[in-house]
Amino acid sequence: MKVILISGASRGIGRSIAEKLLQDDYYLSLGVREPKYFQNTVFANHERVLIQPYEAKDKQSPIDWVKTTIDKFGRLDGLINCAGILERIQFEDDNEEGLDRLFEVNLKAPWRLTREAFPYLKQSGKGRIINLVSMSGKRVKGTLAGYSMSKFAFLALSQSMRNAGWEDGIRVTAICPSFVNTDMAKGVKLDSETITQPEDIADIVKTILELPNTAYVGEVLINFALEK
C-alpha cells in the first residue's frame, strides 16, 4: 500500500498522473479546488481515493488536507506538487499583484503543503516528492519574467527539500517540461498532437515513484523540440 497526495489533480498533468496511478493500485489523496468536477468519474466513491478540497492560497488548507489523509489511510508515501498558475507578466509591467499571485501559488503553496507532509514522508523511509516545475525554471525564453522567476524559485525549493529529507529516505525530483498539451498551453501556436502529452509526464512520474533510494533522479528535463 502506497499513499500519494496530488495537488492540481482536477485537470491536465495532475489529472493524468492520478489516472495512471489509480490503474497501478496506488492509494490517492487528490487536492482539488472544486470536488464536484470529480462526480461521475473513475475517482468518485473509489475505495482507494480521497477527494479533498484544497485551495493553494489558504494557509489552513494543506493542514486540513494532510490530516484528513492520515485519518483515512494512516500513512503517506509520496507528494506530487502539480498545482500552478501562469500569469503573463513581463519585466516592464507594473503588476506586483500578479507577481504576488505567482509566488503564492507556484512557490509558497507547495512549500506549505510539503512542510505538512514531511513528517509522514520521513516515517515512510522511502518518501517521494515530485515537483512539476517547468523548463521555465531552467532557462528564460521570451519575456514572461514573472512566471520564470516563480519557477526558478520552485527549483531552488526542490533542492532544499531534497537536502532536508535525504537522511530520512526522502527523494525529491523536479520535473521540468516545456509545453505540454494542457489548458495552460492554449493560445500558443503549437500543434497539440506533436507537443508533449500529459500522459507522457504521468509515465515518467510512475517510474520515479518506483525507483529505490539508491537510484535518485534530481531533475527530469522534457521537451518536444530541439532547443539551441
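Do we find that Gln23 is more than 17 Å from the chain's Cα centre (by Cα), at pLDDT 95 or above and within 29 Å of Ile222 (Cα to Cα) in this structure?
Yes.
Taking the stretch 62-77 only, how many residues are open to solvent by 10 Å² or more (accessible area, probe 1.4 Å), over 23 Å from Ile208 (Cα atoms) and in contact with a strand residue (DSSP E or B) (Cβ under 6 Å, 6 or more places away or on another chain)?
So the answer is 2.
Within the stretch 178-193, restricting attention to residues that are free of Cβ contacts under 8 Å to residues at least 12 places away in the same chain, surrounded by 11 or more Cβ atoms within 10 Å (Cβ to Cβ) and not in a helix (DSSP H, G or I), which residue is farthest from the chain's Cα centre (by Cα)?
For the stretch 178-193, the residue satisfying everything is Leu190.
May I ask you to list the residues in the stretch 29-61 that are surrounded by fewer than 14 Cβ atoms within 10 Å (Cβ to Cβ) and either polar (S, T, N, Q) or part of a helix (DSSP H, G or I) (or both)?
Hits for the stretch 29-61 are Lys36, Gln39, Asn40, Asn45, Gln60.
Please find, within the stretch 1-14, the residue that is surrounded by the most Cβ atoms within 10 Å (Cβ to Cβ) out of those that are out of contact with any Pro (no Cβ under 7 Å at 6 or more places or on another chain) and farther than 18 Å from Glu55 by Cβ.
Out of the qualifying residues, it is Ile4.
Got a number for residues in the stretch 60-76 being among the aromatic types (Phe, Trp, Tyr) and farther than 13 Å from Leu28 by Cα?
Count: 0.
Please find, within the stretch 194-228, the residue that is farthest from Leu21 (Cα to Cα) out of those that are open to solvent by 80 Å² or more (accessible area, probe 1.4 Å) and in contact (Cβ under 8 Å) with a residue 12 or more places away in the chain.
Thr194
Can you name the number of the only condition in (1) within 30 Å of Glu97 (Cβ to Cβ); (2) in contact with a strand residue (DSSP E or B) (Cβ under 7 Å, 6 or more places away or on another chain); (3) open to solvent by 70 Å² or more (accessible area, probe 1.4 Å) that Thr143 fails?
(2)
Considering only residues that are closer than 22 Å to Ser178 by Cα and either part of a loop (DSSP other than H, G, I, E, B) or of a type in the set (Lys, Arg) (or both), which ones fall in the stretch 62-96?
Cys82, Ala83, Gly84, Ile85, Leu86, Glu87, Arg88, Ile89, Gln90, Phe91
Of these, Glu97, Glu87, Glu116, Glu104, which one is surrounded by fewer than 24 Cβ atoms within 10 Å (Cβ to Cβ) and modelled with pLDDT under 95?
Glu87
The values are calculated or read from the model by the stated rules, or taken from the named source; none is laboratory data. Since the structure is predicted, the reported quantities are computational estimates derived from the model, not experimental observations. Heads up, the Cβs are rebuilt from the backbone with ideal geometry, glycines too, and the neighbour counts pull from every protein chain shown. The accessibility values were calculated without ligands, DNA or RNA, using every heavy atom of the protein model including side chains. Shrake-Rupley method; radii C 1.70, N 1.55, O 1.52, S 1.80 Å.
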